[in-house]
Amino acid sequence: MKIGVLTSGGDCPGLNAVIRAIARKADQFGYETIGIMNGWKGIFDESYKQLTLQNVAGIINRGGTILGTSRFSPFEQKDGKDILLHKISREGFDALIAIGGEGSMHIAQLAYEAGINVIGVPKTIDNDIYGTDFTFGFDTAVGIATEAIDRLHTTAESHHRIMLLEVMGRHAGWIALYSGIAGGADVVVIPEKKTKISEIVDVLKSRYKRGKLFSIVVVAEGAEYLEEELKPKTGKKKLDDFGRERLGGISYYLAEELEKRTGFETRATILGYIQRGGMPSAFDRVLGTRFGVYSVEMIKAGKFGRMAAIQSNIITDIPIKEVIGKLKLVDLELYKVAQVFFK
Ligand code: F6P
C-alpha cells in the first residue's frame, strides 16, 4: 500500500503532528508513506518526499508543515482532472490523505468523484469545518490570542484607552469568542452576530461612567457587516488562490470610529499570522496525532471519500460531501455567555 499525504490551504499548528502520526501508523501496517510537497500542486510538479521514521522524528512540536502548502486546485487547471489521474496512477498511489480546510475538502471530494481513494483530515485555526467539534490549530490560536488580550490590558489600563484586538475568523468568530471569554474582553464582535457600532459605543461609554477607564474589544476579521457602517473607507480587497477575499484591517477603521464617537483614545492591534504560527499546544498535538493515526486506519478499512472528525471526544468519520459548502458557526449560547461580560 502506497499512501500520498498532502497539506493544503493555510498553514496551521498541528499539521506536523498529523504527518508524523500518519507515517508512524502506516509503518506499523507495513504501508509506504510519500509526502506530496506544497499541496495538490506537488502532484502536478511531481514533487515528493518519502516519509520515514527518521524524517518525521522530532516534528510534533513544530508549527507549519514540513510538506509545504498551497491553495492550488487541480480542478481549476486546464485538463486538470486528467493530469491528476495520470500522475497519481503513474506514481502508484493507492490512497491519498488530504489535510486541509473547507476549500481543500472540496478538492478532495472532486478527486474522490474522479476515482481517487481520498481520505480528508480537517484543519483550520478558524474551527469552522462542519461535522467536527474541533479542528487542530484552533486551541493554539486561542491561547496566543488570549495572551495578546492579557498583554493589551497593560496598556489599556495604564493609558486609559480602548484597545482593539483583531483576530482571524473569516466566517466564524470562534477564536474571537473563546479568547474574548478567556481574556475578559468587554465586547466581542463576530461575523455571526451583527453588532452595530452604536451598541459597542454604548457599552464602552457605560463602562467609563462606572469608572472603568479602559476597555478591551475583540473583533473577528470577518465581521464584514461593520463595513457597511464604515463605508467608503474599506476599498476593494485582493483575492487569494481559492478566489476568497483577503481579509484583515477592519479593526483600524473601527478604532477610528470608536474614538470619534466615544472621545476615548483608541488603538487597534491586528494579531495576524502570529496566531497561526509557532508551536502547537498540547491539545492540538494530541488531536493531530489522533486524526493522523485514525486516517491510516480509515485507509485500511477502505473508508474513502470520508473525513476524520471528532465528535463528543470520539474520533469518527463522515462523508466529505456532507462537509463541503457548509460551515460550523459559533454556538450562540456561548455568545450569550460572553455577553454577560459586555458591560
Ligand atoms: O487559516 C484560515 C485563515 O486563518 C482565515 O481566517 C484567514 O482569512 C486566512 O486564513 C488568511 O490566510 P492567508 O493570508 O494565508 O491567505
> So Ser104 fits all but one of (1) within 23 Å of Asp284 (Cβ to Cβ); (2) outside any helix (DSSP H, G or I); what number is the exception?
Replying inline: (2)
> Of the residues Lys2, Lys41, which single one is over 17 Å from the mean Cα position of the chain (by Cα), within 16 Å of the ligand (Cβ to nearest atom) and closer than 23 Å to Lys87 by Cβ?
Replying inline: Lys41
> Can you spot a residue in the range 271-282 that is modelled with pLDDT of 95 or more, under 25 Å from Ser70 (Cα atoms), away from the ligand (no atom under 11 Å from the Cβ) and not in a loop (DSSP other than H, G, I, E, B)?
Replying inline: yes
> Across the range 256-280, what is the total count of residues that are out of contact with any helix residue (DSSP H, G or I) (no Cβ under 9 Å at 6 or more places or on another chain) and among the aromatic types (Phe, Trp, Tyr)?
Replying inline: 1
> Pick from Ile315, Ile299: which is in contact with a strand residue (DSSP E or B) (Cβ under 8 Å, 6 or more places away or on another chain) and part of a helix (DSSP H, G or I)?
Replying inline: Ile299
> Which condition does Thr140 not pass, out of (1) touching a Ser or Thr at 6+ places or on another chain (Cβ under 8 Å); (2) surrounded by fewer than 20 Cβ atoms within 10 Å (Cβ to Cβ); (3) among the hydroxyl-bearing types (Ser, Thr, Tyr), if it passes all the others?
Replying inline: (2)
>> So, in the range 281-315, how many residues would count as being of a type in the set (Ser, Thr, Tyr), under 19 Å from Gln28 (Cα atoms) and in contact with a helix residue (DSSP H, G or I) (Cβ under 8 Å, 6 or more places away or on another chain)?
In response: 2
> Out of all the residues in the range 140-157, is one or more among the charged types (D, E, K, R) and in contact with a Phe, Trp or Tyr (Cβ under 8 Å, 6 or more places away or on another chain)?
Replying inline: yes
>> If I ask for residues that are in contact with a helix residue (DSSP H, G or I) (Cβ under 6 Å, 6 or more places away or on another chain) and either farther than 24 Å from Gly101 by Cβ or modelled with pLDDT of 95 or more (or both), which ones from the range 227-252 would you list?
In response: Glu229, Leu230, Lys233, Thr234
>> So, restricting to helices (runs of 4 or more DSSP H) that lie completely within the range 133-222, which ones have at least 3 residues that are within 16 Å of the ligand (Cβ to nearest atom) and either modelled with pLDDT of 95 or more or more than 18 Å from Ser251 (Cβ to Cβ) (or both)?
In response: 138-159, 174-183
>> Could you go through the range 73-90 and let me know if any residue there is in contact with a Pro (Cβ under 8 Å, 6 or more places away or on another chain), within 15 Å of Asp11 (Cα to Cα) and of a type outside the set (Asp, Glu).
In response: no
>> So if I check each of Gly64, Gly58, Gly39, which one is part of a loop (DSSP other than H, G, I, E, B), surrounded by fewer than 17 Cβ atoms within 10 Å (Cβ to Cβ), on the phi > 0 side of the Ramachandran plot and modelled with pLDDT of 95 or more?
In response: Gly58
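The values are calculated or read from the model by the stated rules, or taken from the named source; none is laboratory data. Quantities reported herein were computed from a predicted structural model and do not represent experimental measurements. Cβ coordinates were reconstructed from backbone atoms using ideal geometry, including for glycine residues, and neighbour counts include every protein chain displayed.
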